[in-house]
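To keep things clear, I will list the structure first and then write my remarks on it.
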Amino acid sequence: MISRRKFITAGAVGLGGLVVTERAFDFFSESKVKAKIVIVGGGAAGITMAAYLSDQLRYDDITIIEPNEIHHYQPGYTLIASGTFTPDEILKPTKELIPRGVTWMKDRVTELNPDNNSVITAQNGKVDYDFLVLVPGCVTDYEQIEGLSKEMLGESDVHSIYDYNGAKKCYEALQKLTSKKEGRLVFTDTYTKLKCGGAPKKITLLTEDFLKKKESRQGFQFDYYCNSTNLMTPAIFGDRLQHLYDERKIDVHYKRRLVSVDSAAQKAVFQVLEEPTQAKLPISAETELVTVDYDFLHVTPPMGTPDFVRNSPLPITEGELRHGGWVKVDQETLVHPDYKNIMVLGDAAGLATSKTGAAIRMQAPIAAANLVSIMEGKEPTEKYDGYTACPIVTEYGKVLMCEFGYGKELNPTIPFIDPGVERGMWWVLKAHGLKPMYYQGMLKGLM
């Protein structure tokens, strides 16, 4: 007899079929072009790109440079922190995910040299390439916040779900809140571009719902501090989230940036902004600061690209996206405009859309097809429309599915339902369907 969980998972995968387009390449459609491809980064984008390229190239010579032996399904961090996932179910050995025939160099890149088509690694030294796929992801920088470090997470009631161990400790803290009965719970957003921009909202709403279900909500004050002037764009999603925050008595403080934490005194200091910006701002005697006492603090850290990317010729140098070291890239073809043999996608890319796994799923087949075209001496013709999706969990059992593209244009998979309403079917997809789709579909280049 099929178990309820397996039945729900199978149904969720079926529902997920509505939001993906399968691409398969048989032997006779493979390109016979030959070249050495190096992929910097073996996360979601790197493995997915390797899968597509190894399918499309008959004589593939692909190397992934990735130091980590364990691969994390990072969208699961929020569900670990809420007790929906167990920590071990989001981990898999990297070697099991690398496509057959692709070489895995277990090393880390320390330098990019696009002018001579090479990268420098910590252990193997110089690695030459004909074509480079740059997908190192982004890094969190807790140290930008005075008094804070990643190692502190879980101590002195400071938490963050943007870290595996932090997510585990966050769930432990949620369970302890029920015995405290009262306190001030403070949640922060950040000012930089970030991966999964909906995550700070998810953990806020899940924490409130967790306490409600434990009949412990009444004694707690909820405060949400963010750099921007709204909870989210497009407005249909931001307005709905604002309604939910108001309805559930979560106070929102706009144009506030976390600048320091005194964990011993349990005080957080916020800078009051005149206008939202992604730039670092100096603190002076004239800076307006607000000090907030907390009993539980959830931090969203600033994010950016790794140092070896920032210190290369590849990042954006003008405009708002220059902050963070995001890599310059053609918004449609995903080709670097100055180095035509470099493809850029995933969290490190300076794309005018949100950084999510759903975005990578749409970017990878386009980037792979365009790279093969360039290798064959043709123009890249496939175009990315900025599609991204953020399934914001509003409570246990419901998700607001936020799908949009460039220009914040709505891009719903199912156009005949109201996208501004949270639904149980999206929870089934989020909690039961997306993870098997990720491992069995996306990372294999099938969706």
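The values are calculated or read from the model by the stated rules, or taken from the named source; none is laboratory data. Just so it is clear, the model here is predicted, and its values are computed rather than measured. So basically every Cβ, Gly included, is an ideal-geometry build from the backbone, and we count neighbours across all protein chains shown.
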A265, sole failed condition from (1) in a loop (DSSP other than H, G, I, E, B); (2) touching a Lys or Arg at 6+ places or on another chain (Cβ under 9 Å)
(2)
Any residue in region 198-221 that is among the hydroxyl-bearing types (S, T, Y) sitting within a Cβ distance under 8 Å of a residue that is surrounded by fewer than 22 Cβ atoms within 10 Å (Cβ to Cβ) and modelled with pLDDT under 95? List the pairs, counting only those 6 or more apart or interchain.
S216/T178; S216/K181
Tally, over region 157-189, of residues that are more than 14 Å from I203 (Cβ to Cβ) and touching a helix residue (DSSP H, G or I) at 6+ places or on another chain (Cβ under 9 Å):
6
Just need a number here: residues in region 366-402 that are free of Cβ contacts under 8 Å to residues at least 24 places away in the same chain and either part of a helix (DSSP H, G or I) or touching a strand residue (DSSP E or B) at 6+ places or on another chain (Cβ under 9 Å) (or both).
1
Identity of the residue in region 363-380, touching a Ser or Thr at 6+ places or on another chain (Cβ under 7 Å) and closer than 15 Å to Q331 by Cβ, that ends up surrounded by the most Cβ atoms within 10 Å (Cβ to Cβ)
N370
Out of curiosity, is L148 assigned to a loop (DSSP other than H, G, I, E, B), assigned by TED's automatic domain parsing to the domain that holds L211 and under 24 Å from the mean Cα position of the chain (by Cα)?
yes
Checklist (1) in a helix (DSSP H, G or I); (2) under 18 Å from the mean Cα position of the chain (by Cα); (3) farther than 18 Å from V393 by Cα applied to K176, failing item
(2)
(1) assigned to a loop (DSSP other than H, G, I, E, B); (2) farther than 20 Å from G166 by Cβ; (3) touching a helix residue (DSSP H, G or I) at 6+ places or on another chain (Cβ under 7 Å): which one isn't true of S228, the others all being true?
(3)
Qualifying residues in region 256-282 (those that are among the charged types (D, E, K, R) and surrounded by 18 or more Cβ atoms within 10 Å (Cβ to Cβ)) - the one farthest from D223 (Cα to Cα)
R257
Is there a residue in region 339-347 that is in a loop (DSSP other than H, G, I, E, B), in contact with a strand residue (DSSP E or B) (Cβ under 7 Å, 6 or more places away or on another chain) and surrounded by 19 or more Cβ atoms within 10 Å (Cβ to Cβ)?
no
Which numbered condition trips up R322, out of (1) more than 22 Å from I360 (Cβ to Cβ); (2) in the same structural domain as T190 (by TED's automatic domain parsing)?
(2)
Single residue of T86, T78, T110 found to be surrounded by 19 or more Cβ atoms within 10 Å (Cβ to Cβ), touching a helix residue (DSSP H, G or I) at 6+ places or on another chain (Cβ under 9 Å), of a type in the set (S, T, Y) and assigned by TED's automatic domain parsing to the domain that holds Y439
T78
